[in-house]
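Worksheet: the structure to be examined is printed underneath.
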Amino acid sequence: MEFKRKMLNGQRFEINGMEFICLETHIALQTRLDGDEPDIEVGGSYYIVRNTSTGGLHRIPFQRIIEKEKQIKWKI
């Protein structure tokens, strides 16, 4: 599976009418035995985001962002 990181810290986005801001990115790396650079382990990596209206913190797995990408409205 090819994966590109979708968000950077500070990135704002909207989904289902709620706006969030990415506070932290936690990346788990998949060890490579063939000498190449390690791959991002999508299942073990996640973002910590804050809901801008409620202030609540949420842990969103990378896989969830990949699955919902078409529903996400990225803010600049």
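Among residues belonging to region 40-57 that are modelled with pLDDT under 90 and of a type outside the set (Val, Ile, Thr), point out the one that is surrounded by the fewest Cβ atoms within 10 Å (Cβ to Cβ).
Within region 40-57, the match that is surrounded by the fewest Cβ atoms within 10 Å (Cβ to Cβ) is Gly43.
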message: Taking the condition of being under 15 Å from Ile15 (Cα atoms), in a loop (DSSP other than H, G, I, E, B) and basic (Lys, Arg), how many residues in region 29-76 meet it?
response: 2
task: Look through Ile21, Ile60, Ile65, Ile15 and report the one residue that is in contact with a Phe, Trp or Tyr (Cβ under 6 Å, 6 or more places away or on another chain) and either surrounded by 14 or more Cβ atoms within 10 Å (Cβ to Cβ) or at pLDDT 90 or above (or both).
output: Ile60
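The values are calculated or read from the model by the stated rules, or taken from the named source; none is laboratory data. Just so we're clear, the structure is a prediction, and the values are computed from it rather than from any experiment. Methodologically, a virtual Cβ is constructed for each residue, glycine included, from the backbone with ideal geometry; neighbour enumeration extends over all protein chains shown.
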